[in-house]
Structure formats: C-alpha cells, structure tokens
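For reference, the structure discussed in these notes is given below.
The values are calculated or read from the model by the stated rules, or taken from the named source; none is laboratory data. Values in this document were obtained by computation on a predicted structure and should not be read as measured data. Note that each Cβ is placed from the backbone with ideal geometry, even for glycine, and that neighbours are counted across all protein chains shown.
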Amino acid sequence: MKFSINISIFTCVLSLLLFNTPLFAQDNTYDKELERLEKKLPELSGQDKLDTLNYLVQHTAFNFPNKGRFFLKELEQEAIRQNNIRYQAFVKKKMVEIYFYQFDTDSIFQAAAIAEDFARQHQRTNDIFEVQQTVIQRYAFQGEYAKAIKAGKEMLNVAKELGDYYGMAMATAGIANNYNAMGIEEDALKHYLESINLLKKSEEEHNMLYLDLYRMVLHCYTMKMDYKNTTLYADTLQAKIEECANKKVTFDLNIYRIALESSLTAMYLDQKDNEKTYLHLTKMDSLYKRTPFPTIIYELNGLKADYYIQTGEYEKSLTYFKEAVDYLKEQEITDLQAFRHYTNYAHTLFLLKHYKKAAEIYEEASVLVKENFQQDMYAEMNQLRIMYDLDKLEMQAEKDKLQLNATHNKLIAFVITTVLLFAIILIVIYNMRRISKKNLGLVQRIREQDLLEEKLSEQREELDRLRMLHITEEPETCNETAVSQEEVLIIKLKNFLKDNPVYIDPGINRKSLAEMLGTNENYIRTAIKEQLGYTFNEYMNELRLNHTKKLLATSSDECTIEEIAIASGFNSRSTLYRKFREKYDITPDEYRKFIKRM
C-alpha cells in the first residue's frame, strides 16, 4: 500500500510541476466572455488592445487552438505596431509552449531558437531562461532524461556566467525534476534544496517557483517517509500559500493546496491515523472540485481506495480502485505503477468473493509486467549483499574488541572470524549457483520466446503474402478497410528489411528509410506506431537486438561484444549493454555464455 501511495503522489506532483499552467485547461464557461471581448476588439487601441489580446490568447491557446493562433498572430502584429517589446517576446515564448505537445520536435526547437535570439537581442534574461526551461521539460516529456539534464546544466552555466540567481534556480529545479522522474530521489532532493537556496539570493519574489520547489521538497520527504521533514515543509508550503493569497497572486493556488493535502494524507495513512487521514482526504476532495484535473482525480481515487482498505470498507475501496484502473486503461499506462493498482484492485475483488472478475484483472495485470521472476533474483542479490555487509561489520567490531584482550581472546576471535568467513564463502557460492541457475532459466525462456515468435512471424508472412496476392489479383473486390494502407506499408517494410538489413546502420532514420521504400516518413512513423506498437527508434532497436542475439549465438569467442554491437547497428558497446539489459534483464556476455550451452 505504501508503494501505491507514493507512486500516486509522485505522478500527480511531478506532472503538475513539469507542465504547470498549460495543462490546466479552462472549461466552456468562458465562451460568452471571450465572444464579448472579441467583438469589442475593433473599438480598442493602445495598451487596452494589447492587454485584451493577451487575455484572449491565454484563455484560447490550448482550449480553442484555432482561435488561439489567430489571437496570437493579432497580438504579435499589434505589439510590433506599438513597438511593445514585452508582448513581442511573450508571443515568441507562447509559440514554444504551443509546439510543446506536438510530435514535431524540430518545430519546438526552431521556435525556441527564435524566442531566445529575440530575448538576447533585447536583454530579456528571464525570457531566455523560461524558453530553455520549456525545452528541458520537452525532453523530460519525451522520456529523454539524459538530454534534459544536459540541457539543464548548460542553462545553469549560462546563468552562472550572467550571475542570475533566478536562472540558476530554474536550471537546478529542472535538473531535479528529471532526477525525480528517473527515481533518483536523493539527487532530486539535493537539487531542489539547492534551487531554494539560489532563489533566496535573487532580488525578485518569484512566488510560483518558490511554491513549486517547496511542493517538490515536501513530495521527496513524503516518498522517503521522513515525516519530521514532511511536517516541516508542509508548514513551510502552507505559510507560502497564505502569503501568496494575501498578495492576491494571479495564478491558481489550489494546485499547491492539493499537493499539500495529498502529502499529509499519505503521511497519516502510512501512520494508520485514520481520523487525520480522513480529514486531509476530505480537504483534498473539496479542493479537487474547485480545480478538476485528470491526474489529481486519479491520485485522489488511489488514496481513497487505500484509506477504505485500511478501514476495512472494501466495497467503497472497490469503487475507487475501479476508477483508478479505468483511468490507467484510458491513458494506456502500463508500467509497474499500473501493475500495483491492478493487483490491489484484483485483491479487493477477491476479498469480496468476486472471483471471476478478480481473475480477469489479475490476468490483465500479468501482461503489464514481463518476467516477474526477475524481482526474486534482484531480491536475492540484495539479500546476499546485505548479509555480506552485515557480516563484515560484525567481524570488524569483533576484531576491534578482541584487540584489547589477551592472546587467548585473540585466538578465539581468530576461530570465530574463520568460521564466519567460511560461512560467507558458502553463502556466496550457494547464491552464485542460484543466480547462475536463474540466468540459465532466463535464457531458456528468451530462446523459447524467440522460437515462438519465429513461428508466428512465418505464419504472419504467409498471411501477408496471401493478402497482398489477393489485393494484386482482385483489387476491385477488396474492401479498403480490410487491408489498410498502413498494413500494406508494414508488409512492404518487413519484406524489404528481410533482404536489406538497413537497421544495422546506426545512422538510419525515418527519412532515409522512407526514400528506400518510396514513401513519406510520416507514413512510416504512423504505420510502425499503429501496426507494430513501436516508435521508429524502438522498432529499429528491436531489430538490432534480434540481430545481436543471433550473432551472440553463432559468433566465435574471439569476436568481442564491441564488434557485435557495431555489427548490429549500435553506436557503442555501452549502448548495446544498456538496451540488451533493459529488454532481457541479462547482459550480452551472460546470454552468450548460456546460449552456447544449449
């Protein structure tokens, strides 16, 4: 239960911090006000017209995209007419935000370059940092955390050169966000605290960044179950929220109040203080009704479900687990977090004797996490390491103690040390054999899966051949929906790759492959995503890994892993190791060792 609480907090809080304002879309209650202001535009001039256009942009850019772009263009033209640098810079920054959610990566970087150049030209340092921060968030949004951290460090260096503490604080916060997303909580917390210290040196207020940082530090301490610091930063965040409320800031404070109540709910839930848990859960529910947002309701449902499980009210818990799982399905979330929610839901169904439904949910959950036995192997390796460390500490303490005694005691210490070392050696040997046995079993499963996939692939190829033959011979009888253009393209792609393994070229990209197939790179991307469930890079890496396995099984021992990596299309040995281990939970060396035994 602790795991699901922490994961739900992490999902909500991080998404709120990384993508704060744009994701909070307004509802259609603004329609009449927008229409009134739009009709009034021709009558306005000067600063009033700029401010009205700005309001229209802010409230339409994401909810009514066509209107938003129109108002943005009008605002830019009016700002140029009035030589208003602030609004010209704003328009360019807004374009970067608009491209944030689009798949066209080049567009956001082009827009960012334009916005940065304009900001530098007019010495608008804060604008530069805000654009750079958006680019960092885009990398994080795509899961490219290494690039995001690198961009954050580059931004930090620029801010240091300028002596801008606000820029340094923003860059450090961006780095922290990515460490948090990667699950490296200690580094994340360290950078959040560093960002707060840098922000305190800035001469301006920066209330929103303060709130974001306090919220994330609170989140980190909640995840660490450090409840002393959780309480401390809950009070700090509460005080900052009240300060901003008194100043009547323009941004929504409810998102911070929700994060505060979420952390307190999780803390008291873990402490089994049901009365306080219910109090903060109720507050969070009330705040959500004022600021509805999908990720918040998902988190709220998870906390409610855990609370009612703890109080033994399984029927109520079941309702909220179902809503959480329905959200996971809708958003197509299939990670370990989803697995835990599915299994908690299934367990609750089981307790209520809904055995058939519980079995269905357990079956769905089993699909989410592949080869779960790897957890046992990791647990045993960790246990071995802990045992070894504990024994080592005990021996050192015994040695220090015996050094103060006479020769007789030293002899006893020697005997004890020898026995302990012998026991450790036996434990290490035993666990190494168990790990070796598990690795062998893992390779056997991989091999069986490969054989099954080969058979399925042959059947698919024969089916594709017949379907293509039918299309060629009787095109007038073929329903367009029976075989889509994407399916035809994928068949053509597979046949091409069978004779032309271009994926072993590390420089292959969508454009070059599209030219080889005589099609458009967007069609290639769409077909691979819809028909195979991969992005282009994921599909290329899948083919390269299959190629690697063949080389590992057939190549001589003189052939190095680095040579196999290059021959398979990977840029380096380290890249192959990382991708291979992510996919199969075993290193290429171990795979080669065991596959040749079969």
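What to note about this one:
- Residue count for the range 58-73, restricted to those that are at pLDDT 85 or above and farther than 18 Å from Ala111 by Cα: 0.
- When Tyr87, Tyr55 are checked against the criterion of being under 21 Å from Asp252 (Cβ atoms), among the hydroxyl-bearing types (Ser, Thr, Tyr) and at pLDDT 85 or above, Tyr55 stands alone in meeting it.
- Long-range neighbours under 9 Å by Cβ, at least six apart or interchain, first residue under 22 Å from Cys220 (Cβ atoms) within the range 230-254, second assigned to a loop (DSSP other than H, G, I, E, B): Thr230/Lys224; Ile241/Leu253; Cys244/Phe251; Cys244/Leu253; Asn254/Thr291
- The sole residue among Tyr145, Tyr165 that is modelled with pLDDT under 85 and hydroxyl-bearing (Ser, Thr, Tyr) is Tyr145.
- Test: residue in the range 287-308 that is among the hydroxyl-bearing types (Ser, Thr, Tyr), more than 20 Å from Gln238 (Cβ to Cβ) and more than 27 Å from the chain's Cα centre (by Cα): yes
- When Ser263, Ser195, Ser202 are checked against the criterion of being closer than 30 Å to Gly312 by Cβ and touching a residue at least 12 places away in the same chain (Cβ under 8 Å), a single residue qualifies: Ser263.
- Residue that is modelled with pLDDT of 90 or more and in contact with a Ser or Thr (Cβ under 6 Å, 6 or more places away or on another chain), where the choices are Tyr233, Tyr214, Tyr278, Tyr314: Tyr214
- Residues of the range 568-579 that turn out to be of a type outside the set (Val, Ile, Thr), assigned to a helix (DSSP H, G or I) and within 14 Å of Met540 (Cα to Cα), as a count: 3
- Pick from the range 240-255, criterion touching a Phe, Trp or Tyr at 6+ places or on another chain (Cβ under 8 Å) and part of a helix (DSSP H, G or I), ranking: surrounded by the fewest Cβ atoms within 10 Å (Cβ to Cβ): Lys240
- Candidate set: the range 575-598, residues that are free of Cβ contacts under 8 Å to residues at least 24 places away in the same chain and more than 22 Å from the chain's Cα centre (by Cα); chosen: the one surrounded by the fewest Cβ atoms within 10 Å (Cβ to Cβ): Thr587
- Flag for Asn177 being outside any loop (DSSP other than H, G, I, E, B), of a type in the set (S, T, N, Q) and at pLDDT below 90: yes
- The single condition among (1) among the small types (Gly, Ala, Ser); (2) in a helix (DSSP H, G or I); (3) at pLDDT below 90 that Gly183 does not meet is (2).
- Residues of the range 157-174 satisfying the condition of being surrounded by fewer than 19 Cβ atoms within 10 Å (Cβ to Cβ) and not acidic (Asp, Glu): Asn157, Val158, Lys160, Leu162, Gly163
- Among residues of the range 137-172, those that are free of Cβ contacts under 8 Å to residues at least 60 places away in the same chain and either in a loop (DSSP other than H, G, I, E, B) or among the aliphatic types (A, V, I, L, M) (or both), counted: 18
- Entry remark, the range 134-150: residues being closer than 16 Å to Val96 by Cα and either β-branched (Val, Ile, Thr) or over 17 Å from the mean Cα position of the chain (by Cα) (or both) number 3 in total.
Each row is one residue, and each column tells you yes or no for (1) within 27 Å of Ile566 (Cα to Cα); (2) touching a Leu at 6+ places or on another chain (Cβ under 8 Å); (3) of a type in the set (A, V, I, L, M).
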| site | (1), (2), (3) |
| --- | --- |
| Ser484 | no, no, no |
| Asp499 | yes, no, no |
| Asp505 | yes, no, no |
| Ser512 | yes, no, no |
| Glu515 | yes, no, no |
| Tyr523 | no, yes, no |
| Thr526 | no, no, no |
| Glu538 | yes, no, no |
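- The residues in the range 306-353 that are in contact (Cβ under 8 Å) with a residue 24 or more places away in the chain and not in a helix (DSSP H, G or I) can be counted, and the count is 4.
- Wholly within the range 56-127, helices (runs of 4 or more DSSP H) carrying at least 1 residues that are in contact (Cβ under 8 Å) with a residue 40 or more places away in the chain: 85-100
- Restricting Leu269, Leu213 to residues that are under 24 Å from Tyr179 (Cβ atoms) and part of a helix (DSSP H, G or I) narrows the list to Leu213.
- Of all residues in the range 512-532, those that are charged (D, E, K, R) have Cβ atoms under 6 Å from Cβ atoms of residues that are assigned to a helix (DSSP H, G or I), 6 or more apart or on another chain, in Glu521/Arg510; Glu521/Lys511; Glu521/Ala514; Arg525/Arg510; Arg525/Phe536; Glu530/Glu486.
Residues checked against (1) closer than 25 Å to Arg445 by Cα; (2) at pLDDT below 85; (3) touching a strand residue (DSSP E or B) at 6+ places or on another chain (Cβ under 9 Å):
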| position | (1), (2), (3) |
| --- | --- |
| Val483 | no, yes, no |
| Ile490 | no, no, no |
| Asn509 | no, no, no |
| Gln531 | no, no, no |
| Leu545 | yes, no, no |
| Leu552 | yes, no, no |
